[in-house]
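See structure below.
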Amino acid sequence: MDAKQIIAIIIPIAIFMFRRYISILITLPILIIGCIVTYYFYTKSKEDKFLKGALSLYGLNFFFIFIGFLSLLFF
């Protein structure tokens, strides 16, 4: 595992853990930029399993943010 794989996996985990303490205005751009960069590395690496896992973590973060918005609207 090289440095870009480690960073690609650590960033979505860190955002998930500290999302409560970080403003959504900071979280969303970091998630979007990180997702784009990780996808770029994923396509260049011919389907690396660590980068695929990192993309899944980014998707999970977006899902939880979406659920959080829905819970604010309906509850």
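The values are calculated or read from the model by the stated rules, or taken from the named source; none is laboratory data. These numbers were taken from a predicted model, which means no experiment stands behind them. We work out accessible area using only protein heavy atoms, side chains counted, and drop any ligands, DNA or RNA first. Shrake-Rupley method; radii C 1.70, N 1.55, O 1.52, S 1.80 Å.
Accessible area per residue, 1.4 Å probe, Å², for the chain: what's the number?
Using a 1.4 Å probe on heavy atoms only, each residue of the chain averages 74 Å².
Ignoring ligands, DNA and RNA, what percent of the accessible area of the chain is carbon or sulfur (1.4 Å)? Intermediate results must be reported in sequence, preceding the final value.
Numbers: 4180 of 5560 Å².
That fraction is 75 percent.
Based solely on its DSSP helices, what 222 nm [θ] is calculated for the chain when runs of n ≥ 4 H residues each add -39,500 (n - 2.57) and the sum is averaged over all residues, nearest 500 deg cm²/dmol?
Computed mean residue ellipticity for the chain: -29000 deg cm²/dmol.
Angle between the Cα long axis of helix 24-44 and the longest principal axis of the chain, 0 to 90 degrees, nearest 10?
20
Using the eigenvalues of the Cα gyration tensor, what equivalent ellipsoid semi-axes result for the chain when each is taken as the square root of five times the eigenvalue, whole Å, largest first?
After scaling each eigenvalue by five and taking roots: 25, 12, 10 Å.
Once both axes come from the Cα atoms, what is the angle between helix 3-18 and the longest principal axis of the chain, in degrees from 0 to 90, rounded to 10?
10
Counting only C-alpha contacts under 8 Å and six or more residues apart, can you give the relative contact order of the chain as a whole percent?
40
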